[in-house]
Amino acid sequence: MYLKSIELSGFKSFAKKSELSFTSPISAIVGPNGSGKSNIAEAFSFVLGEQSIKSLRGKKGEDLIWNGSTDSPRAGRASVKVIFDNSLKIFPLDYETVTIERVVHRDSVNEYIINGSQVRLRDVVELLASAHIGASGHHIISQGEADRILNASIKERKSMIEDALGLKLYQYKKQESERKLEKTRENIKQVESLRREIAPHLRFLKRQVEKVEKSLEMKKELQEKALEYCKREDQYIKHTEEKFNKEKIPLLVKEKELGKELNIAKQTLEKSKNKDEKITELINLDKNLHAIRGEKDDLFREFGRLDGELASLMRMVKKQEEGAHSDAHKTVTLASVEMLSEQIAAKIRSAKNLNDISPILKILDEVTAFLADFVDNNKNKIDNSLVTDVQKDIDHLKNSKSQIEKSLEAVKKKENDLSRRYEILKTIIEKEKDSNRDAEKDVFRIMAESGDVRSKLERIKAEEETLRVVKEDFKRELTELATLLGPAVLHWSHSVYVQNENELSEPRSAQEERRRAMEKIKIRLEDSGGAGGAETLKEYTEASERDTFLEKELLDLEKSASALSELIRDLDARLSSEFKEGLQKINTQFKQYFALMFGGGNAELTVVAPPKRKKSDVDELMENGESEKTGEAAFAEATAAEEGIEIDVSLPKKKIKGLLMLSGGERALTSIALLFAMSGVNPPPFIILDETDAALDEANSCKYGDMMEDLAKFSQLIVITHNRETMSRAGILYGVTMGLGGSSRLLSVAFDEAVAIAK
């Protein structure tokens, strides 16, 4: 026995805990009307998950709970517990006994319990489905619903037969797959929508990236030229500095030595007794000559500095002029833009008061003409404000340079006068022969050599000043390159650079040519607006990666949709195959039971499709005033309708065909024959029959009893009946009585045990 017992506590009329044990293939429940017999059948539906309170003869969950009486208070909850023997593993649980319990509270909250653990309703339904049990269906036939399968529509009738054949599990899987497929298709639409949404932005970014890539190519070219320029410029500066140091150090040493010798010679002359005014004058001339030459050296250095600054500003002016002729650097004054805005606003205000399109179009043409004139008037304007400011500095430097040139001329003239007087005096002194002749010769020699050394040092200082200007220009160039190319360009000094004589002997004009080439690339970069671009590349990369991810996601979703569609087709094929095979078996048993109940005749279940509407029917609906949308919807609904089951019967000795012509008793016999046939093909663990034999006479009751005994070989039967013949077939009999307080009570008689004891 699969079904061991059912326990009711506070459920409907069962106020106290009541338990029914099912130890016989056929168990009968009897009692007077109103005693609560049918409540037991409803308790089975309740504990197995029935959600319709109406089908349990109530309006809300509270109606299922014992409401109290004069001698018994009302219950706070109702519970029904059913116990199954699972030794044959009809349930996929590793327990010998499976207990399913449902509890309802007065606030309509439900609890579901399996073997003491609280679970969800879905867990209960899935567990019961695995054993071919449901909350309602062919194995629970309630009072007054025996002929429900006859009154049902062809579609509902097919659903009942599918339930009897155990096809619900496949239908659950199919419905779940269809929900997943619908969700997958929605996801596909969303992903496609996202891809369509980002596609224009991706195309825009691609065009921007192409511009950035061109700018990067120009940057690469500029970087190559910059590295070559920086290497050569750095080598030139270092080499020139080294050359100056090599030339200057021995001259400084020589100058120091000559100074010492001169001091010794002067001391000798000063100590000489023959010292006279000519020697004093010669010494004074030497001091004056030395001072004037120092002044001349200072003027030369200032001249060199001004000359370097002037050359740097000239190059700056040239660069600004080249940039100013580029369209990308055109600027307009705020006053001119405000004037244009006021003109356009005035035209728009006048257009708002017009109702005719022709004057408005004319005003639009005038606005277009304003814009075109504004662009033409400002296109050829060149902003020379910065160039003008720099030109003022150049003019100032030229004036300063001119003044220094005049001062140099005066100093040179004074130097020449002093030198001439010095030479004359020196010639006079040389003619004098006295004891100081050797010291005087040393003085003249030392002064001559000192003049030569100072001249060379002054030349080196002037060249160093020019080199200083070159170094400052180089620093400014590095700063500008670092701004355009980033700090990486400053790493040129880390690369290996092999110096050779050809590079060192290269004329400076070659470097100037490289500088001009670099300036041209800089201007092109500024015109293209490609000085940046890292953010654009990053955004394009992110957008491309997102599009690629969505493309892969779309492919995966399409594969999933294809797999789900294939699964649904397989389930449809399996449902169709097993339904046809099961229907054939049901028909075989249905014919046998029908012939047994009626003493002959024929009965058969046939698969039929609902009549499809023709296109002309839709046209007729539209002619009668229905909308095209309503007509098309009706046509589509009728066309998509599912097939169903029709019952064809033929009674013996009567010209009766079809269910509509059967009497009430004949309908009851037909429904019983069909229900027993359905249960016999795929027997459930138990079947509950609630007064399905009420309309049978004595002869048919015997036939009904025979069919019960035949069906009891495969399923346990719990029969609620008033029929004595049916009672006689039961192995255990439960009597239900109604106490004074209105609660149901149970009495039991085990016929099988009584017979065994009697024997």
Contour excess over end-to-end distance, with Cα ends at residue 370 and residue 452 and 0.36 nm allotted per residue: 22.1 nm
Cβ crowding within 10 Å averaged over residues, with 8-18, 402-412 ranked highest first: 8-18, 402-412
Residue 562/residue 87 FRET efficiency (R0 25 Å; Cβ-Cβ; nearest 0.05): 0.05
Order of 256, 266 - criterion: other Cβ atoms within 10 Å of each residue's Cβ, fewest first: 256, 266
Footprinting exposure proxy for 163, 356, 690 (fewest neighbouring C-beta atoms within 10 Å first): 356, 163, 690
Three-way shape call for segment 31-126 based on the alpha-carbon gyration tensor, with the a/c threshold at 1.5: prolate
Residues 428, 568, 29, sorted so that the one with the fewest Cβ neighbours within 10 Å comes first: 428, 568, 29
Karplus (6.51, -1.76, 1.60) ³J(HN,Hα), θ = phi - 60°, over segment 80-94, in Hz, Gly and Pro reported as x: 10, 10, 10, 10, 10, 8, 10, 5, 8, 6, 6, 10, x, 10, 8
Residue-by-residue Karplus 3J(HN,Hα) for segment 734-742, coefficients 6.51, -1.76, 1.60, Hz, glycine and proline x: 10, x, 10, 10, 10, x, 5, x, x
Cross-link table 4/713; 211/318; 580/653; 231/471, entries beyond 21 Å C-alpha to C-alpha: 211/318; 580/653
Percentage of interatomic Cα-Cα distances in segment 647-759 larger than 20 Å: 53 percent
Förster-model FRET efficiency, 30 Å R0, residue 513 and residue 417, C-beta, rounded to 0.05: 0.05
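Every number in this text was worked out from the coordinates using simple rules, so none of it is lab data. Just so we're clear, the structure is a prediction, and the values are computed from it rather than from any experiment. All Cβ positions, even for glycine, are placed from backbone atoms using ideal geometry, and neighbour counts span all protein chains on display.
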